[in-house]
Amino acid sequence: GTQNKIMTDLLNLLQWEEKPAILDDIDFETIQDYSKKMKANILIGNSDGKFITEKEGIPLVRVGFPIHDRMGGQRKVITGYNGTMALLDEITNTLIDEKYGSYRKMMYDKYFKDEEKERESVEKSNKLQEIDEKTATHPCYSGGACRNARMHIPVAPACNIACNYCNRKYDCNNESRPGVTSKVLSPEEALRRFVEVKQKVKNLKVIGIAGPGDALANFENTKKSIELIKQVDPNITFCLSTNGLMLPYYADEIVNLGVTHVTITINSIDPKIGAKIYRNINYYGVQLTGEKAAEILTANQIIGLKMLSKAGVKCKVNIVMIKGINDEHIEKVVEKVKECGAFMTNIMPLIPAEGSAFENMLMTTNKELNELRNKCGIHLKQMYHCKQCRADAIGTLDNDQSLEFAESGCGAKAIENNESDRVYRFAVASKTGMFVDQHFGHVENFYIYSFENDKAEFIEKRQVKKYCAGNEDCDDKEGLMRDILEAVSDCDSLLVMRIGYDPLKELEKSGVNVIQTCGRVEEGMRQAIKVLGEKRVATCM
């Protein structure tokens with residue numbers, strides 16, 4: 001405010017060559033950043049500044065309140081003639097100590113450069129720059145890179161923990177969620193699949209290992225797959241996902257393999273909460289349950305995260321938001337992983353997988369999810385564009401091409417070609433008719449389109465009553481669903497941005513194919529046609 005303006009005017013009058021920074025209402029983390037940036041020689045402030053001294057080596061002259069790590073701080077006089085002179089003497093003596101304390105090192109660094117250390121420093125700098133460049137092209141780590149493709153190679157079938165929200169299926173073509181794949185590949189098969197995909201998907205930037213189990217519970221397969229693909233394409237970005245149980249034991253090998261991005265799923269840092277999420281863990285052949293299991297898992301996740309972050313690996317932390325279990329705890333998880341070096345967090349809604357212990361849990365709404373993301377975004381960068389991909393996903397985040405490369409007896413492409421003349425009809429949840437951008441429960445008008453020969457044609461708008469219209473309509477969900485079913489009964493698929501678990505199951509039970517997507521309407525319809533073709537492949541297998 002006024003004081004800042006007075007200081008700025010005064011400093012302008014003095015016309016110093018170095019422009020000082022005048023900051024107001026800031027925390028110690030910001031002060032630490034500015035101290036490094038401006039190459040400060042000395043800190044003046046209370047004892048809380050010692051943390052900057054510990055981390056950056058800048059000496060601290062203790063002035064003000066509180067001074068809790070020195071004797072006599074409360075009797076120290078810094079005002080008046082004698083007090084001012086004493087403070088100036090202390091500042092001067094601190095600067096003299098700092099000068100002569102670092103004089104030999106400064107002269108050595110200036111005239112006797114350690115070539116080996118200098119080379120290592122340059123290599124480290126180049127490596128960090130390379131990782132930053134790869135981060136900018138990684139579709140999960142950078143929202144601006146969504147047009148780049150990634151390929152998940154399902155080479156890790158085994159898992160060493162049992163989550164209450166997990167039910168892995170290896171042979172389901174029609175289910176789109178983590179832990180699902182149509183086939184588990186050997187490292188050699190993964191290499192052949194990569195070569196085939198690389199030839200056809202020109203914007204492929206990332207190879208990810210995301211299960212269907214855990215990448216580190218199958219480390220030999222993971223390691224061999226990376227080594228084989230690296231021989232063919234050493235510049236591809238390698239990324240893996242893990243629950244983190246074995247992370248401290250494989251962190252160094254992960255770095256040596258050239259993996260630059262790692263996703264760790266950390267759903268809690270409180271063993272009491274973790275015990276509600278995990279049924280058991282298998283730790284070196286010993287099965288553990290309850291809080292003991294959650295305590296070991298959390299400790300290893302945190303240690304592994306610190307090790308990778310220190311080595312320069314970009315770490316994303318996935319957190320599954322489970323209403324009534326960890327939703328009130330997630331902000332603390334975000335704060336903790338930030339402290340340990342995480343690059344970003346990805347808060348994901350629970351998918352109540354059929355057959356899992358949490359199959360009847362309530363789903364998180366988009367509003368609840370984004371409110372929590374916004375809240376946690378104050379602490380750390382958040383991911384808003386996650387698609388919760390399968391373990392064999394291929395293509396961009398909004399266009400899964402895995403079906404094109406699936407091994408099938410009847411041939412997905414043949415079915416697609418045979419039906420190229422077919423006219424499809426779609427109902428779209430949209431505010432304007434341009435984008436799939438509405439939650440199912442908020443729709444009052446479905447946009448109806450026909451789609452033929454890769455061209456969309458708008459037919460009409462069909463009015464329906466909102467499925468989520470407030471408490472007054474809660475008792476008539478059956479009637480609302482009946483009206484919606486009637487409105488879309490002649491459509492091949494219903495395209496929505498997001499839909500709750502219960503209405504999704506109700507629609508599927510009635511034979512309505514539901515596609516959850518976002519983006520332009522035309523792209524959503526193309527995606528729906530691929531899914532319809534995939535279901536036909538699954539039927540004839």
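The values are calculated or read from the model by the stated rules, or taken from the named source; none is laboratory data. Please read these numbers as outputs of a predicted model, since none were measured by experiment. When we count neighbours, we look across all protein chains shown, and the Cβ atoms used for this are built from the backbone with ideal geometry, even at glycine. All accessible areas refer to the heavy atoms of the entire protein, side chains included, with ligands and DNA or RNA removed. Shrake-Rupley method; radii C 1.70, N 1.55, O 1.52, S 1.80 Å.
The lone criterion from (1) of a type in the set (A, V, I, L, M, F, W, C); (2) under 23 Å from residue 372 (Cα atoms); (3) open to solvent by less than 30 Å² (accessible area, probe 1.4 Å) left unmet by residue 275 is number (3). Of all residues in region 351-403, exactly one satisfies the criterion of being of a type in the set (Phe, Trp, Tyr) and in contact with a Lys or Arg (Cβ under 8 Å, 6 or more places away or on another chain), namely 384. Taken as a whole, the structure places residue 227 among residues that are at pLDDT 90 or above and either in contact with a Leu (Cβ under 9 Å, 6 or more places away or on another chain) or within 19 Å of residue 157 (Cβ to Cβ) (or both).
What do you reckon, is residue 320 over 19 Å from residue 143 (Cβ atoms) and within 12 Å of the chain's Cα centre (by Cα)? Yes; evaluated as a whole, the condition is true for this residue.
The residues in region 516-541 that are at pLDDT 60 or above and of a type in the set (D, E, K, R) can be counted, and the count is 5.
Under 8 Å by Cβ, and 6 or more places apart or on different chains, what pairs join a residue from region 85-105 that is on the phi > 0 side of the Ramachandran plot and free of Cβ contacts under 8 Å to residues at least 24 places away in the same chain with one that is surrounded by 10 or more Cβ atoms within 10 Å (Cβ to Cβ) and of a type in the set (D, E, K, R)? From residues that are on the phi > 0 side of the Ramachandran plot and free of Cβ contacts under 8 Å to residues at least 24 places away in the same chain, there are no pairs. Could you count how many residues in region 224-247 are out of contact with any Asp or Glu (no Cβ under 9 Å at 6 or more places or on another chain), in a strand (DSSP E or B) and within 10 Å of residue 209 (Cβ to Cβ)? Number of matching residues: 3.
Just one residue in the set 162, 145 is modelled with pLDDT under 80, within 22 Å of the chain's Cα centre (by Cα) and open to solvent by less than 30 Å² (accessible area, probe 1.4 Å); that residue is 145.
Meeting the requirement of 3 or more residues that are free of Cβ contacts under 8 Å to residues at least 12 places away in the same chain and over 30 Å from residue 130 (Cα atoms), the strands (runs of 3 or more DSSP E) wholly within region 274-342 are 286-289. The set of residues from region 299-313 being surrounded by fewer than 23 Cβ atoms within 10 Å (Cβ to Cβ) and not small (Gly, Ala, Ser) comprises 300, 302, 303, 306, 307, 310, 313. The set of residues in region 58-73 being surrounded by fewer than 16 Cβ atoms within 10 Å (Cβ to Cβ) and either polar (S, T, N, Q) or farther than 16 Å from residue 91 by Cα (or both) consists of 65, 66, 68, 69, 70, 71, 72. Would you call residue 431 modelled with pLDDT under 85 and either of a type in the set (Lys, Arg) or open to solvent by 60 Å² or more (accessible area, probe 1.4 Å) (or both)? So residue 431 does not fit the description; no. When region 502-520 is limited to residues that are in a helix (DSSP H, G or I) and open to solvent by 40 Å² or more (accessible area, probe 1.4 Å), the one that is farthest from residue 368 (Cα to Cα) turns out to be 509. The residue list 78, 44, 67, 96 contains one member that is among the β-branched types (Val, Ile, Thr), at pLDDT 85 or above and in a helix (DSSP H, G or I), which is 96. Consider residue 265 carefully, then state whether it is touching a strand residue (DSSP E or B) at 6+ places or on another chain (Cβ under 8 Å) and closer than 24 Å to residue 131 by Cβ. Yes. Looking across region 369-380, the residues that are part of a helix (DSSP H, G or I), without any contact (Cβ under 8 Å) to a residue 40 or more places away in the chain and surrounded by fewer than 16 Cβ atoms within 10 Å (Cβ to Cβ) come down to 370, 371, 374.
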